[in-house]
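Right, one structure below, let's go through it.
What follows draws every value from the coordinates through simple rules; no lab data is involved. Here the structure is a predicted model, which means the values were calculated and not measured. Positions of Cβ are generated from backbone atoms using ideal geometry, with glycine treated the same way; all protein chains shown enter the neighbour counts.
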Amino acid sequence: MLDIQQLSKRYGDFAALQDVSLQAQGGQVFGLLGPNGAGKTTLLRILATLLRPTSGRAVVAGRDVNEQPREVRQIIGVVNGGMGLPARLTGREILRSFAGFYGMASAQTEARIAELDHALELGRVLDVRAGEYSTGMRQKVVIARAVIQDPAVLILDEAASGLDIFARRTLLDWVAAARRPGRLTVYSTHVMSEAEEVCDRLAILHQGRLLAEGSQAELLDCTGTRGLEAAFFELVRQSGLSQEAATGAAYAP
Ligand SMILES: Nc1ncnc2c1ncn2[C@@H]1O[C@H](COP(=O)(O)OP(=O)(O)OP(=O)(O)O)[C@@H](O)[C@H]1O
C-alpha cells in the first residue's frame, strides 16, 4: 500500500529527510513518530504530492507520487494543521462541494455525510458557517472532508494538536474505528501516548533519519524498554545523533 525507497529531501543545504525507506500494508494505522523537526511533515507532504523529493521514490497504493500525482490525489485524504475552510460555507456545504470534486452522486453524498455525522459527532457543525467554528469544530470538518470519498490512504499530520480533550477523544476513537481492510491510515505525531494508543506499526524518525520501524512490541523488544518514550530515547542513543532537532538554517516556521 505504501512503498518508500531511499527518499531524501533537501531544503538548500539542509537535509530534512535522508535516505528513508519503508513499507506499510493496508488494514492498519501506521505511525510516524518523532520530535519537532524530525521530518514527518516533509515526508507526508511528499506522499500528498505537495512537495517533490530531492531523490528516491514513493509509491502510494500503486501510484508513483512523482509520475502520477493526479492519480495519487484521487485516492488519498489529507488532514494537516494548517488547513483552512471557506468561512462563509457551512460544514454540510463544504462536504458537498468536496464530494462533487470526487464525482460522488448526490444520494451517495448525503448517505456519507449522515455516516460521518454519526462517526465524528458532527452535530451542529454541519449547519454552522466555518467562520464561526472553534478549533475542535474546524478539525472535525477538516477530517470529514478528508474522508468524504472513503480514501484508500488517509494521511493525518498532527491531527489531534490543538484539540480539547473531548474532540481529541472523538478523533482517536474514530481513527481506531476507521481501520478496515484495504485502507492505510498514516498517523504522524510527536505525542508518544497517542502513538501508543492508535498505531499498529510505527516508524521512528529523528533529524530526518529513520531510526527504526516495527510493531510496538518489536520496538520495545529491540530496545529492551517498556514504553515508546523510553524506546525513542534508546534509539536516539544507539544512533549516536544528538537529541536536538536539526533546523534548516534559513527557515523559521
Ligand atoms: N521550507 C523549508 N525550508 C527550510 N527548512 C525547512 C523547510 N520546511 C521544513 N524545514 C526544516 O526541515 C526539518 C523537518 O521539518 P518537518 O516540518 O518535516 O518536521 P516535523 O517532524 O514535521 O516537525 P514539526 O512537527 O516541528 O513540523 C526542520 O528542521 C525544519 O526546520
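The figures follow:
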read-out: Positive minus negative residues near Ser106 (Lys, Arg vs Asp, Glu; Cβ under 12 Å); value: +1
read-out: Using alpha-carbon coordinates, inclination of helix 91-101 to the longest axis of the chain, degrees; value: 80
read-out: Packing-based order for 154-160, 71-77, using average beta carbon neighbours within 10 Å, highest first; value: 154-160, 71-77
read-out: The chain shape via C-alpha gyration tensor axes, a/c threshold 1.5; value: prolate
read-out: 0 to 90° range, to nearest 10: angle between helix 135-146 axis and the chain longest Cα axis; value: 90
read-out: Charge dipole of the chain about the Cα centre (unit charges at C-beta), most positive-ward option of Gln207, Pro53, Ser8; value: Pro53
read-out: Cβ-based exposure ranking for His190, His118, His206, in which fewest neighbours within 10 Å come first; value: His118, His190, His206
read-out: Using alpha-carbon coordinates, inclination of helix 228-239 to the longest axis of the chain, degrees; value: 40
read-out: Helical mean residue ellipticity (222 nm; -39500 (n - 2.57) per DSSP H run of 4+; nearest 500) of the chain; value: -11000 deg cm²/dmol
read-out: Estimated dipole of the chain in Debye, rounded to 20 [Cβ of Lys and Arg +1, of Asp and Glu -1, Cα centre]; value: 680
read-out: Relative contact order (%) - criterion: Cα under 8 Å, at least six apart; region: the chain; value: 28
